[in-house]
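Visitor: Attaching a single structure in structure tokens format; questions to follow.
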Amino acid sequence: MAQKGVSIVLGVIIIVGLIAAVVPFPCSRCGGKGFITSQVTCTTCGGDGKVAWGLLTCPDCGGRGYKTVQTTCPACHGRGTATLVEILLGR
Ligand SMILES: [Zn+2]
Ligand SMILES: [Zn+2]
């Protein structure tokens with residue numbers, strides 16, 4: 001009887017492990033979008049939003065002084081989903 005209990009526990013551990021390694025979940029890092037947006041200072045105007053001594057609005061960032069860039073999510077590699085193992089390891 002004790003042997004049977006052990007093998008059931010082992011079976012559950014293996015199944016949970018397989019689910020964690022194989023079944024995809026919505027990626028928590030990017031919210032399932034597959035990419036991460038971040039804001040970087042515009043190199044054309046240096047963050048001022050103006051060029052030509054402040055006379056012209058920066059054409060590169062539209063006067064905001066920063067640009068929004070999208071990078072592929074490192075956790076899910078752009079898929080929007082990741083397995084528990086990938087999420088926990090942060091890949
Ligand atoms: Zn700019
Ligand atoms: Zn992601």
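Visitor: Whether any residue in the stretch 80-91 is modelled with pLDDT of 90 or more, out of contact with any Cys (no Cβ under 8 Å at 6 or more places or on another chain) and either within 9 Å of ligand 2 (Cβ to nearest atom) or on the phi < 0 side of the Ramachandran plot (or both) is what I want to check.
Guide: Checking the stretch 80-91: not a single residue is modelled with pLDDT of 90 or more, out of contact with any Cys (no Cβ under 8 Å at 6 or more places or on another chain) and either within 9 Å of ligand 2 (Cβ to nearest atom) or on the phi < 0 side of the Ramachandran plot (or both).
Visitor: Could you tell me which numbered condition LEU56 fails, if it satisfies all but one of (1) at negative phi; (2) in contact with a Cys (Cβ under 9 Å, 6 or more places away or on another chain)?
Guide: (2)
Visitor: Say whether the condition of being out of contact with any helix residue (DSSP H, G or I) (no Cβ under 7 Å at 6 or more places or on another chain), acidic (Asp, Glu) and farther than 30 Å from VAL16 by Cα is met by at least one residue in the stretch 46-55.
Guide: The answer is yes, given that some residue of the stretch 46-55 is out of contact with any helix residue (DSSP H, G or I) (no Cβ under 7 Å at 6 or more places or on another chain), acidic (Asp, Glu) and farther than 30 Å from VAL16 by Cα.
Visitor: To continue, here is another question. So VAL51 fits all but one of (1) away from ligand 1 (no atom under 12 Å from the Cβ); (2) at pLDDT 95 or above; (3) hydrophobic (A, V, I, L, M, F, W, C); what number is the exception?
Guide: (1)
The values are calculated or read from the model by the stated rules, or taken from the named source; none is laboratory data. The model shown is predicted, which means the values in this text are computed figures rather than measured ones. Neighbour counts are summed over all protein chains in view; Cβ atoms, including those assigned to glycine, are modelled from backbone coordinates with ideal geometry.
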